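This report concerns only the one structure given below.
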Amino acid sequence: MADGQRPLRRARDLTVVERWIDARATAVLARSTGRWRPWVVEAWVFVLKQAWACVFGVLILVAIVAVRLWWPTDAAIAPNDALVVVAVGIQVGMLVARLETVRELWVVLLFHVVGTVMELFKTDVGSWSYAEDGVLRIGGVPLFSGFMYAAIGSYMVRSMRLFDLRFVRYPPLWATIVLGAAIYANFYTHHVVWDARWVLVVAVLLLWGRTIMHFRVHARAWRWPLLVPFVGVGIAIWIAENVGTAVGAWTYPNQVDGWEPVSPQKVVSWFLLMIISVVLVTLVHRPRTPDAAPATSDSLGLPIAADR
C-alpha cells in the first residue's frame, strides 16, 4: 500500500551500489511522461534493492552449489573447507569494498555464533548431517554452516537500511526478547519434551499482528503488515534449503537414500527462526517510528552507512 512521499536520505548514507540504483531511478523519472512510469520504476527499484539486500546469502548459496557440484575430488582442500574460505573471502571483500557497513558485520558475526551453536546441537541429535570432510569444523559441523545463518541476518539489517524501515505499533522490546528466547529454546527442548511451536506461532501473531512496517523504495513510502515479510522470508529460506540439500551440502534423515524435497512443514520452523532473527537485529538496530530522525550511529556506538 502506498503511503505518500518521504524525504530521501542523504546519498552518503548509502553504499556505491545503492547510490547508483537511486541515481538511475531518478534519471528515469526525470524523463518520465507516462502515467505508469513511476509505478514501474518503483517496482524495479524494489526488485533491485531486494536482490542487493540478499547479495551475501545469494553468493553463499551460489558458492555451495558450485563447490558441491564441480569441486575436484582430488583437490588439496576439502569442499567444506573451500566453502569456509570462500565465505570469509566474500565477507572481507564486501567490507573492504564498502559494500557492507560495520553495523551489518556485527549482525553477521552475531548470527554466525547463534547459528553454529544450534547446528552443533541439531547435528548431534540427528536432525540433519553434513559430509565428514575437511578440518575447518567443530564436531560434525563445518564452519561454513554459520555463514548460512549470517546471511539471514545480513539480509535483514541491510533491508532495514536500504528501505529505511519504520514501524507503527511495534511490540515492546522486552516482550520480543522473551518470545525470541522461548522460540530459540524450543528448537532444543522439543527433542525431549512437548513441541510448543504452534503455541509460539500464535504468540507471534498476537505480538506482531497489529504492527505495520513503513518502508521507502525510491520516491514513495509504502506500508505493509509486518507479518507479510515474516512469512515471505520463511518461504525463501525453505526454497534455499531445497537447493542446498539437492546438491548434498547437508542431508535430512529422509534424504539419506535419495534426495526428496524438504517438507513444507519446515516453513513453520523458518518462520519462527525469522522471529529470532528479528529480535537479534533489533538488539543492534532498534526499531524506529515513521517520524523518527535518521540514526547516525548504532547502539554500540559504531558508525553506520553515513561514513561510507
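Computed values, structure above
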item	result
Residues that are at pLDDT 90 or above, open to solvent by 40 Å² or more (accessible area, probe 1.4 Å), in a helix (DSSP H, G or I) and not aliphatic (A, V, I, L, M), drawn from segment 78-133	GLY89, PHE121, ASP124
Check on TYR184, of a type in the set (Phe, Trp, Tyr), open to solvent by 20 Å² or more (accessible area, probe 1.4 Å), outside any loop (DSSP other than H, G, I, E, B) and in contact with a Cys (Cβ under 8 Å, 6 or more places away or on another chain)	no
Enumeration of residues in segment 78-131 that are in contact with a Leu (Cβ under 9 Å, 6 or more places away or on another chain) and of a type in the set (D, E, K, R)	ASP81, ARG103, GLU104
Within segment 187-216, considering residues that are under 18 Å from PHE230 (Cβ atoms) and charged (D, E, K, R), the one surrounded by the fewest Cβ atoms within 10 Å (Cβ to Cβ)	ARG210
Residues of segment 263-294 classified as touching a Lys or Arg at 6+ places or on another chain (Cβ under 7 Å), open to solvent by 30 Å² or more (accessible area, probe 1.4 Å) and under 14 Å from LEU173 (Cα atoms), total	2
Pair list, Cβ < 7 Å and 6+ apart or interchain, from segment 129-143 residues that are at positive phi to residues that are open to solvent by 30 Å² or more (accessible area, probe 1.4 Å) and assigned to a strand (DSSP E or B)	none
SER297 modelled with pLDDT under 90 and either within 24 Å of GLY126 (Cα to Cα) or open to solvent by 50 Å² or more (accessible area, probe 1.4 Å) (or both)	yes
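The values are calculated or read from the model by the stated rules, or taken from the named source; none is laboratory data. Predicted model, so just to flag it, every value in this text is computed and none were measured. FYI the Cβ positions are ideal-geometry reconstructions off the backbone, even for glycines, and counts take in every protein chain you see. The protein model used for the area step is the full one, side chains on, heavy atoms only, and it has no ligands, DNA or RNA in it. Shrake-Rupley method; radii C 1.70, N 1.55, O 1.52, S 1.80 Å.
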